[in-house]
Amino acid sequence: MTDYQLNPTYSSRSSNITLSAVLALSLFIGGCEAITQTAAETGAALDGPPVRGYVMAKWADEIPSQDPGECPEGLNVTEVEYFPKQWQAFMTERTRAREEEGRFIPWDHELLPPDACQDPLAQSDPGYFTLDGPALVSGLDLDGFDSTRESNENTQCAHDDFNAPSGEAGIDNQAWRLMGCVRGYRPNDLMDRLHKANTMINEGGYAILMEISGMDDATNDNEVHVQFLSAAAPVSLNALGEPMQMVSFTAHSDSAYHNASARGKVVDGVLTTEPVDLRLKIKQQTQDNAVYYRDARVRGKLLADGRIEGILGGYWDNENFWSMMNDHMIANRHQGRNAAFNRGFMCAGLYHAIPRVADGHPDPETGECTSISMALHFEAKPAFVIRPTVASRD
């Protein structure tokens, strides 16, 4: 039997009035202070500051627009361009099978080269263009150094940091070096359009939740704790297709997606956190997987209306990055090859390029970096987090 236990800030089992109704009324008549006061008056247990819940209303990779950097050798090619004869023969047969026999042939058909999206060693390295020059890229300084290939004081794999549009130096976002010369990741192309359409949130995947505990003051507080969780359901949308706030979400039943809390602080209305590993469920289009970010941290602005807007930066585990890019499925059919074509790269090239740009978590034996610095933009709206707990009998 499963018992659903709300955070005590948001519910009171001893009260005859549901706190959801109290909270809605409190927001209408006076905001968060009224919430805390009303909860206390109805008998809810309050030990210190309230726990504030949030749901992510935006979650998008950083794709720079002001100065994304140049690709002097051109953009990466797809398999269709690299193996034109094989793909022409395959597409001819695919069209014939569909029109004459009413069937589809799979992407790993024998007319095509071996599928490197399922087996990255099935093809030799075709070469892969990374973005090696300067660009204005948003993100965080994850290692505390303005690193260059010539002087890599942080002892990690040598890399050139970026400057941010704000002028901040030392931005660690090697994921842009990896994907910056891929057609689908360039400004105003496929991935940028998907982010602007907020498809990560609107397509009905698992909602991403966040809780902040111990925050006495949303302007300045020297110690708070921040926890990320995956939800068991998608983000709730209003009639206009916009993410709603003040909605209840049940955390995922798998505690692997209830991540450890990170210590943080608030200075002049800006929340920052210390590093913590994150595992989050991701479901979008043909992808149903989980991301693994190592030493992830947040910098976000606490807004007057209760929202938080900011950047999450961290190190994306190499193996998990490869899995997220290629493990796409429709029924029992692997669609990594199709996804790579639509975005504009070859899986074999991407696989061999990952170690070249990786800049985090060196292997103690080989010295090879096992993660890639990354950054994404988020918007968090106030919400209620319900924790499922398994009831047990003595």
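Just the residues that are in a helix (DSSP H, G or I) and in contact with a strand residue (DSSP E or B) (Cβ under 8 Å, 6 or more places away or on another chain), please, taken from the range 45-91.
Initially, the range 45-91 is screened for residues in a helix (DSSP H, G or I), giving 79-82, 84-91.
Correct list: empty.
In the range 109-121, which residues are under 29 Å from the mean Cα position of the chain (by Cα) and either farther than 20 Å from H352 by Cα or of a type outside the set (D, E) (or both)? Spell out how you get there, then give the answer.
Just the residues of the range 109-121 that are under 29 Å from the mean Cα position of the chain (by Cα), to begin with: 115-121.
A116, C117, Q118, P120, L121 - these are the residues of the range 109-121 that are under 29 Å from the mean Cα position of the chain (by Cα) and either farther than 20 Å from H352 by Cα or of a type outside the set (D, E) (or both).
The sole residue among M210, M244, M200 that is hydrophobic (A, V, I, L, M, F, W, C), modelled with pLDDT under 90 and in the same structural domain as L280 (by TED's automatic domain parsing) is M200.
Scan the range 358-375 for residues that are surrounded by fewer than 23 Cβ atoms within 10 Å (Cβ to Cβ) and outside any loop (DSSP other than H, G, I, E, B) and jot them down. Can you show your working first?
To start, the set of residues in the range 358-375 that are surrounded by fewer than 23 Cβ atoms within 10 Å (Cβ to Cβ) comprises 361-368, 370.
Selection gives H361, P362, T370.
Scan the range 232-253 for residues that are among the small types (G, A, S), farther than 13 Å from N202 by Cβ and within 21 Å of the chain's Cα centre (by Cα) and the total you get is 4.
Residue by residue, here is whether (1) among the aromatic types (F, W, Y); (2) in a strand (DSSP E or B); (3) within 30 Å of D216 (Cβ to Cβ) holds:
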| residue | (1), (2), (3) |
| --- | --- |
| R279 | no, yes, yes |
| R299 | no, yes, yes |
| Y315 | yes, yes, no |
| R337 | no, no, no |
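Comparison of F384, F321, F378 shows that the only residue that is assigned by TED's automatic domain parsing to the domain that holds A260, farther than 30 Å from L136 by Cβ, at pLDDT 95 or above and in contact with a strand residue (DSSP E or B) (Cβ under 9 Å, 6 or more places away or on another chain) is F384. Q123 satisfies every condition listed in (1) closer than 19 Å to P187 by Cβ; (2) part of a loop (DSSP other than H, G, I, E, B) except (1). Sub-8 Å Cβ pairs linking a first residue in the range 311-333 that is closer than 20 Å to R297 by Cβ to a second residue that is assigned to a helix (DSSP H, G or I) and β-branched (V, I, T), at least 6 apart or interchain, are N318/I354; F321/I354, ordered by first then second residue. If you go through the range 74-92 and keep only what is in contact (Cβ under 8 Å) with a residue 12 or more places away in the chain and surrounded by fewer than 14 Cβ atoms within 10 Å (Cβ to Cβ), you end up with just G74. One residue alone among G360, G306, G313 is closer than 30 Å to S213 by Cα and over 21 Å from the mean Cα position of the chain (by Cα), and that residue is G306.
Conditions (1) within 22 Å of V385 (Cβ to Cβ); (2) free of Cβ contacts under 8 Å to residues at least 60 places away in the same chain; (3) β-branched (V, I, T); (4) assigned by TED's automatic domain parsing to the domain that holds W176, marked per residue:
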{"residue": "A262", "(1), (2), (3), (4)": "yes, yes, no, yes"}
{"residue": "K265", "(1), (2), (3), (4)": "yes, yes, no, yes"}
{"residue": "V270", "(1), (2), (3), (4)": "no, yes, yes, yes"}
{"residue": "V291", "(1), (2), (3), (4)": "yes, yes, yes, yes"}
{"residue": "E309", "(1), (2), (3), (4)": "yes, no, no, yes"}
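The values are calculated or read from the model by the stated rules, or taken from the named source; none is laboratory data. All of these numbers come straight from a predicted model, not from anything done at the bench. Note: ideal-geometry Cβ built from the backbone for every residue, glycine included; neighbour counts use all protein chains shown.
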